[in-house]
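Shown next, in structure tokens, is the structure this report addresses.
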Amino acid sequence: MRSLPTAAALAIATLTTPAFAQDTAPDPARLKATVEKLVSFGTRHTLSSADDPVRGIGAARAWVAGEMTRIADACDGCITAANIARTFTNARAPNGVNVVDVLGFQQGLDPKRVIIVGAHIDSRVSDAMDATHDAPGANDDGSGVALVLEAARILSKEKFRATIVYAVFSGEEQGLFGGTLLAETAKQRGWTVSAMLNNDIVGNTMGQNGVRVADRVRVFFRRDPRDRGPARANGTARQWRRG
């Protein structure tokens, strides 16, 4: 996970302002500690307890909200922490579930232009309906949440033209609930979203074939329909080498 927060920060900076301090570095120990803390909640299944103070998705979300507030306090309130929520129902949530997204808003000079840096906090075992057994989710997606919090810590030291929304959303594994809620919120509030950096399973440098690639960052994104060049069937891939 060493390189990815830096890459994300630089990507955001490119989209927001040329004045970003490139010597600001992520803290590997902090990233690891965040992942370990998220694992300690046992399971973060969307249907797990929302009220238990130490286990389940409610406790995990409360901790992330607290971390966002700590980062905000360290930058004299440059980030405003808030939750958005609504109930979703589908085959993986037949009785309905209250889905909560934890957001942090870093106001830019243009309040309507938005860059979203996001990751999902929920986890699950193979059985999508099993909300009780341990589902540590260190890589899927504790790693992404760690990146979001570290990006917030680093980028909060800078001023940008665009507003940055740090988003930690729930319900990914049950049906993209939190992402849907975030998109609805963006539409309702009239955001002009220049980019959405969705960080899901970051830092896995060992492939299924046993090959380790630790010097590159691969970013997948939906192909612009105006782009007539060659692209993969499911989108476009760009690759950057660390240097």
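Things worth noting here:
- Close contacts from region 77-88, counting a first residue that is touching a residue at least 24 places away in the same chain (Cβ under 8 Å) and more than 14 Å from Val168 (Cα to Cα) and a second that is of a type in the set (Ser, Thr, Tyr) and open to solvent by less than 80 Å² (accessible area, probe 1.4 Å), with Cβ to Cβ under 7 Å and a gap of 6+ residues or different chains, come to Cys78/Ser156; Ile79/Ser156.
- Pairing each residue of region 194-209 that is over 24 Å from Asp27 (Cα atoms) with any residue that is surrounded by 15 or more Cβ atoms within 10 Å (Cβ to Cβ) and of a type in the set (S, T, N, Q), provided the two are 6+ apart or on different chains, yields C-beta distances under 9 Å for Ser194/Thr16.
- Only one of the listed residues (Leu47, Leu38) is open to solvent by less than 10 Å² (accessible area, probe 1.4 Å) and either closer than 20 Å to Asp200 by Cα or not charged (D, E, K, R) (or both). That residue is Leu38.
- When residues in region 165-219 are screened for being of a type in the set (Asp, Glu) and touching a strand residue (DSSP E or B) at 6+ places or on another chain (Cβ under 7 Å), 3 of them pass.
- Top-ranked residue in region 52-77 [being in contact with a helix residue (DSSP H, G or I) (Cβ under 7 Å, 6 or more places away or on another chain) and charged (D, E, K, R); ranked as surrounded by the most Cβ atoms within 10 Å (Cβ to Cβ)]: Glu67
The values are calculated or read from the model by the stated rules, or taken from the named source; none is laboratory data. The shown structure was predicted, so the numbers you read here are calculated from the model rather than taken from an experiment. FYI the Cβ positions are ideal-geometry reconstructions off the backbone, even for glycines, and counts take in every protein chain you see. These accessible areas exclude ligands, DNA and RNA; they are computed on the full protein's heavy atoms, side chains included. Shrake-Rupley method; radii C 1.70, N 1.55, O 1.52, S 1.80 Å.
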